[in-house]
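Single-structure report; data block below.
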Amino acid sequence: ETGSNAVTWEGDSDPNIPQNFKSHIKCAIAFTIGMMNLVVSLAVSVFTGFLPQIGHEFNSGVERMQLCLTAYILGLAFGPVFFGPASEYYGRKKPLLFGMVGFIVFTTYITFARDFGGILFCRFLAGVCGSAAYVIPPGIFVDLYGPVGRAIGYQLFATGAFLGGSLGPGVGISVAAQGGWRWNMWLLIAVAVPLTVTLGALPETLEVILLHQKSERLRKDTGDWTLRSARDERPVRLHAYLSKPWQMLIREPVLMVVTTAFTLDYGIQSLTYSEIPWAFQMRGWSTVDSSWALAITIPGFLLGCLATTLDTKLRFGTELRRGGLVAPEKRLPPIIVGMALLSLGLVWFGQTSAHARWSWAHLASAESMIGAGMFMVWCTATVYVQDLYVSHSNSALAACAFVRYSSGAIFPLLAGPMRTVLGVSWVSVSLGLMCAFLLPFHLLFYFYGTKIRSWS
């Protein structure tokens, strides 16, 4: 506290500052939110493994069952526009707890649903609530770490989303074959409940909320009601935070460009995930085995994580130590490399999937390249937004998420018609050529991003 009765920290070494938390506390927070990310991601793709079983139960075709994926993805679109701003107003912990409890409740409702409409409704609300595990954690890493640490932390965290997406179809069909499709929901609940309880025992990480709590505690202990925190001095209404994502999306040209890149990347990823199992089924793999074929992307994700982590530590970290301040565009080389790998991997996968004479090992190698490219593009873009907006990054990412997932909700519905018209091979090749077309725009942004940001 200063002479002006403003409540502040007890110097830069105050252990209550989130970046000064003990290492085991930081690791516990990172592990918990990382596992939440995996569970929510698993809930997206796990349904693809047992859509025929649900269709049989409710007398509906697989095409109609695709709405189960669309409903959840729409939930992921609408949830962040509330949870992103709420995490900057109420702190990180309360909105994330609220979201995970809601995810558990509505996933439980799905297990008892006896009509298709009830499943769709609960899937949508589970997506809304589960989106908290997507949009809030990037801000937590900003709270806990500096520019290098938060990038590495987020890259490790993001592996959960990619693992969930890759393992989901195989887990879904295997569990459904043993005990029915509802057991997949119980599996998600069994993992989500202890994670939510653990989160409740972990500390808040947003400094403005911690200082507000400190001022309340000091006023109560000392009886000095003149003590004030920054939140007390400059109160902001919730509606101002809720409108922030829309204002940022409209007024920030750089955010528009990044959002477009996010949306296209998500669409490509969604369609790619749809095509990979079909390519293996064409080679005579069973439905169960081909669902597990997506897991072959995991080595690629891990290589992508290693590459981005080393780039952050060695290249970006060195520049940061040398110059003190580094332009956010210095983060972007991995996104350029990742887009090139994604393009090459998709074309390779498409060409080798067209001819049975090529060993499945070619498909597996192409999948690993696709996985590395996806990871590098996605993570680099997210960390770039973190660097640009820092304490406001959750609102910026909420705007990105709304556009990305609301547009991406149609992709599961497009996969079947595209496969019918183009075939598995040419769908993959077309996506690869689309990535090649987008590559120059990423180069343009690397060289002229600073100028584009000046237009904001």
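Coordinate-derived values only; no laboratory data. Just so it is clear, the model here is predicted, and its values are computed rather than measured. Backbone-built Cβ (ideal geometry, glycine too); neighbour counts: all protein chains shown.
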_For segment 72-148, which trypsin sites (Lys or Arg not before Pro) pass both filters: DSSP loop (anything but H, G, I, E, B) and at most 14 other C-beta atoms within 10 Å?_
Arg114
*Put +1 on the Cβ of each Lys and Arg and -1 on the Cβ of each Asp and Glu in the chain; which of Trp181, Val40, Leu320 then has its Cα farthest toward the positive end of the dipole?*
Leu320
*When the scattering of the chain is computed by the Debye formula from its Cα atoms alone, each counted once and equally, what is log10 I(q)/I(0) at q = 0.09, 0.12 Å⁻¹?*
-0.59, -1.03
*Report, in debye and to the nearest 20, how large the dipole of the chain comes out about its Cα centre when Lys and Arg carry +1 and Asp and Glu carry -1 on their Cβ.*
200 debye
*asked:* Looking at segment 13-58, I'd like the Rg to Rh ratio, where Rg is from alpha-carbon atoms and Rh is Kirkwood's inverse mean 1/r.
replied: 1.41
*Scattering from the C-alpha atoms of segment 204-302 alone, worked out with Debye: what is log10 I(q)/I(0) at q = 0.13, 0.14, 0.18, 0.20 1/Å?*
-0.75, -0.78, -0.93, -1.02
*Kirkwood hydrodynamic radius of segment 239-455 from all distinct Cα pairs, in Å?*
18.3 Å
*By how many degrees, 0 to 90 and rounded to 10, does the Cα axis of helix 23-45 deviate from the longest principal axis of the chain?*
40 degrees
*Cα-based helix-to-principal-axis angle, 182-201 vs the chain, degrees rounded to 10*: 20 degrees
_Reduced Cα scattering model of segment 1-96, Debye log10 I(q)/I(0), q = 0.11, 0.13, 0.21, 0.22 Å⁻¹_ = -0.58, -0.71, -1.12, -1.15
_Euclidean distance of C-alpha centroids, segment 244-316 and segment 340-394, integer Å_ = 6 Å
_Report, to one decimal in Å, the Kirkwood hydrodynamic radius for segment 13-214 based on all distinct Cα pairs._
17.4 Å
*Ratio Rg/Rh [Cα only; Rh per Kirkwood] for segment 340-380*: 1.05
*asked:* Nothing charged except the Cβ atoms of Lys and Arg (+1) and of Asp and Glu (-1): what's the magnitude of the dipole of segment 239-455 about its Cα centre? Round to the nearest 20 debye.
replied: 420 debye
*asked:* For Thr318, Thr308, Thr70, which order do you get if you count the other beta carbons within 10 Å of each Cβ and list the fewest first?
replied: Thr318, Thr70, Thr308
*Degrees between helix 393-408 axis and first principal axis of the chain (Cα, 0 to 90, nearest 10)*: 20 degrees
*Give me the distance between the Cα centres of segment 39-56 and segment 87-144, rounded to whole Å.*
17 Å
_Largest-first principal axis extents of the Cα set of segment 160-251 (Å)_ = 64, 41, 19
